[in-house]
């Protein structure tokens with residue numbers, strides 16, 4: 001998002017308490033940024049929809065098997081590479097979002113299916129939602145068209161890959 005000149009939150013972990021509504025919505029945090037992503041954002045779409053006047057939602061999706069492979073890496077080498085405080089934050093986010101801190105294919109499959117079924121129902125009639133299939137690769141064109149900005153000359157960035165790229 002920074003490549004597009006959009007103020008994006010570097011992490012959305014500060015919003016974890018909103019998942020169970022144990023914490024009130026931090027409007028000051030939200031006001032400092034124009035874009036939010038990563039957990040717990042995907043699970044807060046309904047609350048965020050109520051807060052913003054003209055929200056736009058970009059939903060990234062990938063086939064369940066691909067996502068599970070990614071999650072197996074994330075719950076293992078992906079977290080193991082982190083320093084202890086960041087690892088603890090990752091475990092806290094995973095506990096809040098998935099109810100687990102270790103890879104469990106059955107639990108994650110259930111969460112994936114339920115989450116995307118809910119998103120499909122919620123977004124069916126909306127024009128403020130863009131679905132991107134990560135397994136097809138990502139590029140600037142659909143995103144820039146959706147948010148109404150020019151496409152940058154540089155390649156679309158890719159991070160957090162199991163291959164490291």
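No value in this document is a laboratory result; all are computed from the given coordinates. If you're wondering where the values come from, they're calculated on a predicted model, not measured in any experiment. Reconstructed Cβ throughout: ideal geometry from the backbone, glycine too, with neighbour counts over all protein chains shown.
Some points to look at:
- Contact map, the stretch 91-105: residues that are more than 17 Å from residue 69 (Cβ to Cβ) paired with residues that are in a loop (DSSP other than H, G, I, E, B), Cβ distance under 6 Å, separation 6+ or inter-chain. Pairs shown: 91/101; 93/39; 95/101; 96/19; 97/39; 97/40.
- Against the conditions (1) in contact with a helix residue (DSSP H, G or I) (Cβ under 8 Å, 6 or more places away or on another chain); (2) farther than 20 Å from residue 46 by Cα; (3) part of a helix (DSSP H, G or I), residue 93 satisfies every one except (2).
- Number of the condition not met by residue 158 [criteria: (1) touching a residue at least 12 places away in the same chain (Cβ under 8 Å); (2) in contact with a helix residue (DSSP H, G or I) (Cβ under 8 Å, 6 or more places away or on another chain); (3) exposed (fewer than 14 other Cβ atoms within 10 Å of the Cβ)]: (2)
- Residue in the stretch 148-155 that is touching a helix residue (DSSP H, G or I) at 6+ places or on another chain (Cβ under 6 Å), closer than 22 Å to residue 76 by Cα and assigned to a loop (DSSP other than H, G, I, E, B) present: no
- Hey, residue 114 in a helix (DSSP H, G or I) and closer than 27 Å to residue 128 by Cα or not: yes
- Any hit, the stretch 25-45, residues being in contact with a helix residue (DSSP H, G or I) (Cβ under 9 Å, 6 or more places away or on another chain), assigned to a strand (DSSP E or B), touching a residue at least 60 places away in the same chain (Cβ under 8 Å) and surrounded by 12 or more Cβ atoms within 10 Å (Cβ to Cβ): no
- Checked against the criterion of being under 19 Å from the mean Cα position of the chain (by Cα), farther than 21 Å from residue 11 by Cα and part of a helix (DSSP H, G or I), the candidates 67, 122 yield just one match: 122.
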